[in-house]
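The structure appears right after this line, and notes come after that.
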């Protein structure tokens with residue numbers, strides 16, 4: 001069954017992927033047969049996953065999560081899905097503030 005997953009790497013970073021066979025893929029990451037990113041950050045630990053009916057759905061969710069902040073990924077891992085909308089808007093608000101932009105555009 002297609003799955004999307006998040007691994008916690010040895011350096012405490014997250015890796016997001018999708019696969020047809022979750023157990024095999026996590027094992028490959030830990031054997032150094034996975035992505036180059038995880039190869040340099042072993043061992044890895046599976047901290048979250050979700051199953052999908054179709055691989056294209058899993059791949060789309062993988063790409064979506066890859067674009068998320070660390071805080072938003074951590075909320076998903078912790079099962080705090082109620083925080084996801086707030087974390088999305090907070091990151092945009094802080095980005096605007098950091099770059100001197102208000103509601104009307106460039107300051």
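Considering 34, 79, the condition of being in a loop (DSSP other than H, G, I, E, B), at pLDDT below 95 and either under 20 Å from residue 7 (Cα atoms) or touching a strand residue (DSSP E or B) at 6+ places or on another chain (Cβ under 6 Å) (or both) is satisfied by 34 alone. Residue 18 - would you say it is out of contact with any strand residue (DSSP E or B) (no Cβ under 7 Å at 6 or more places or on another chain), on the phi < 0 side of the Ramachandran plot and touching a residue at least 12 places away in the same chain (Cβ under 8 Å)? Judged against the criteria, residue 18 is not a match. Within the stretch 58-86, residues that are on the phi > 0 side of the Ramachandran plot and outside the structural domain of residue 6 (by TED's automatic domain parsing) reach partners that are surrounded by 14 or more Cβ atoms within 10 Å (Cβ to Cβ) and at pLDDT 95 or above with beta carbons closer than 9 Å, at six or more positions or on different chains, in the pairs 79/48. Under the condition of being more than 17 Å from residue 10 (Cβ to Cβ), assigned to a helix (DSSP H, G or I) and touching a helix residue (DSSP H, G or I) at 6+ places or on another chain (Cβ under 6 Å), the residues counted in the stretch 37-56 number 0. Within the stretch 57-68, identify whether any single residue is in contact with a helix residue (DSSP H, G or I) (Cβ under 8 Å, 6 or more places away or on another chain), part of a helix (DSSP H, G or I) and either loosely packed, with under 15 Cβ neighbours inside 10 Å or at pLDDT 95 or above (or both), and answer yes or no. Within the stretch 57-68 (the criterion being in contact with a helix residue (DSSP H, G or I) (Cβ under 8 Å, 6 or more places away or on another chain), part of a helix (DSSP H, G or I) and either loosely packed, with under 15 Cβ neighbours inside 10 Å or at pLDDT 95 or above (or both)), the answer is yes, since at least one residue qualifies. Taken over the stretch 23-40, the criterion of being crowded, with 19+ Cβ neighbours inside 10 Å and either touching a residue at least 24 places away in the same chain (Cβ under 8 Å) or over 24 Å from residue 56 (Cβ atoms) (or both) is satisfied by 38 alone.
The values are calculated or read from the model by the stated rules, or taken from the named source; none is laboratory data. Just so we're clear, the structure is a prediction, and the values are computed from it rather than from any experiment. Positions of Cβ are backbone-derived with ideal geometry, glycine not excepted, and every protein chain shown enters the neighbour counts.
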